[in-house]
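A short worksheet on the structure shown next.
The values are calculated or read from the model by the stated rules, or taken from the named source; none is laboratory data. Keep in mind that what you see is a predicted model, and the values were worked out from it rather than measured. Cβ atoms come from the backbone with ideal geometry, glycine included; neighbour counts cover every protein chain shown.
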Amino acid sequence: MAIYSFGDKVPNIHPSAFVHPEAVIIGDVSIGELSFIGPCAVLRGDSSRIEIGARTSIQDGSVIHCTSELPTIVGDECTVGHNAHLEGCTVQSGALVGSGSLVLHNAVVETGALVAAGAVVLGGTVVPGGALAVGVPAKIKEGAADPATIAYSIKTYTENARRYPLEMKRIN
C-alpha cells in the first residue's frame, strides 16, 4: 500500500484498520481501529492533520485533504461514501457523508446528520444532528436523516475492515 511520510509528518494507522493496497496515505494522518479505507482513496495530510476515528469508512475514490489552518476531522462510526471530497471540515461521530458529495472549509456535519449523495456543503455550514443536507449548494432538512441508513453503513464497513484482510486475495 502507498503510505508516505511528508517531511517529519508520519501516518499513524491502527493495526486493525484496513487500508486497501491502492489507497494513498500521506503525512499527518491518523486512522482508528477497525476503520476501512477503500481502493483509490487519498488521504493527504501534508498541510496539517487528518484524523479518522474508529469504525469509520472512507470509501473508494474519496479525497480527504486539509489546509495549513484547517485540519480535517472525521469521528468514530462515520461513513464517507464513494468519491466524496472533504477538506478542512469536521464530520462528527455517527454521521454519513454520501457518495460524490463535497464538504468544504469550516463546515461541520454533526452527529447523526446525513449529507446526501452529490450534495455540496459550503464552507462554514453546519448540518445539525439528525438533519439531511441535500442539493447544490446543500439545503438543510431538519430531522430528515435516516438513522437506520447510518447504522447499516457503520455495521457493513466495520465488518469489511475485519473481512478484507482475510478474504481479499490478488489473483494476477
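Restricting attention to the range 1-38, which residues are of a type in the set (Ser, Thr, Tyr) and either in contact with a helix residue (DSSP H, G or I) (Cβ under 8 Å, 6 or more places away or on another chain) or modelled with pLDDT under 95 (or both)? First the steps, then the outcome.
As a first pass, look at the range 1-38 and keep what is of a type in the set (Ser, Thr, Tyr): 4-5, 16, 30, 35.
Within the range 1-38, Ser16, Ser35 meet the criteria.
How many residues are farther than 19 Å from Asn83 by Cα and more than 13 Å from the chain's Cα centre (by Cα) if we restrict to the range 14-58?
12
Residues are listed down the side, and each one gets a yes or a no for (1) hydrophobic (A, V, I, L, M, F, W, C); (2) modelled with pLDDT of 95 or more; (3) out of contact with any Lys or Arg (no Cβ under 8 Å at 6 or more places or on another chain); (4) part of a loop (DSSP other than H, G, I, E, B):
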residue	(1), (2), (3), (4)
Gly118	no, yes, yes, yes
Val136	yes, yes, yes, yes
Ile140	yes, yes, yes, no
Ala144	yes, yes, yes, yes
Ser153	no, no, yes, no
Thr156	no, no, yes, no
Glu159	no, no, yes, no
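Answer yes or no as to whether Thr67 is under 20 Å from Ser101 (Cα atoms), touching a His at 6+ places or on another chain (Cβ under 9 Å), without any contact (Cβ under 8 Å) to a residue 60 or more places away in the chain and surrounded by fewer than 19 Cβ atoms within 10 Å (Cβ to Cβ).
So Thr67 fits the description; yes.
Residues being surrounded by fewer than 12 Cβ atoms within 10 Å (Cβ to Cβ) and of a type in the set (A, V, I, L, M, F, W, C): count how many of those fall in the range 130-149.
Residues that pass the stated criteria total 1.
Report, ordered by the first and then the second residue, all pairs with beta carbons closer than 7 Å, sequence separation of six or more or different chains, a first member in the range 74-95 that is in contact (Cβ under 8 Å) with a residue 12 or more places away in the chain, and a second member that is among the basic types (Lys, Arg) and surrounded by 19 or more Cβ atoms within 10 Å (Cβ to Cβ).
Here the result reads Asp76/Arg55; Glu77/Arg55, each pair linking the range 74-95 to a residue that is among the basic types (Lys, Arg) and surrounded by 19 or more Cβ atoms within 10 Å (Cβ to Cβ).
Counting only residues that are surrounded by fewer than 12 Cβ atoms within 10 Å (Cβ to Cβ) and either in contact with a helix residue (DSSP H, G or I) (Cβ under 9 Å, 6 or more places away or on another chain) or of a type in the set (A, V, I, L, M, F, W, C) (or both), how many does the range 150-167 have?
The qualifying residues number 1.
Within the set of pairs 6 or more residues apart or between chains, which connect a residue that is touching a residue at least 60 places away in the same chain (Cβ under 8 Å) inside the range 1-25 to a residue that is in a loop (DSSP other than H, G, I, E, B) and small (Gly, Ala, Ser) with Cβ atoms less than 8 Å apart?
Once the first residue is touching a residue at least 60 places away in the same chain (Cβ under 8 Å) and sits in the range 1-25, its partners that are in a loop (DSSP other than H, G, I, E, B) and small (Gly, Ala, Ser) give Ala17/Gly32; Ala17/Ser35; Phe18/Ser35; His20/Gly38; His20/Ala41.
Would you mind finding the one in Lys141, Lys155 that is within 18 Å of the chain's Cα centre (by Cα) and not aliphatic (A, V, I, L, M)?
Details: Lys141 fails: within 18 Å of the chain's Cα centre (by Cα).
Checking each option against the conditions leaves just Lys155.
In the range 102-114, how many residues are closer than 22 Å to Thr67 by Cβ and in contact (Cβ under 8 Å) with a residue 24 or more places away in the chain?
Within the range 102-114, the subset closer than 22 Å to Thr67 by Cβ is 102-110.
Remaining after also requiring in contact (Cβ under 8 Å) with a residue 24 or more places away in the chain: 105-106, 109.
Total meeting the criteria: 3.
Hey, His82 hits all of (1) under 14 Å from the mean Cα position of the chain (by Cα); (2) farther than 24 Å from Met168 by Cα; (3) surrounded by fewer than 22 Cβ atoms within 10 Å (Cβ to Cβ) but one; which does it fall short on?
Here His82 meets the rest and fails (2).
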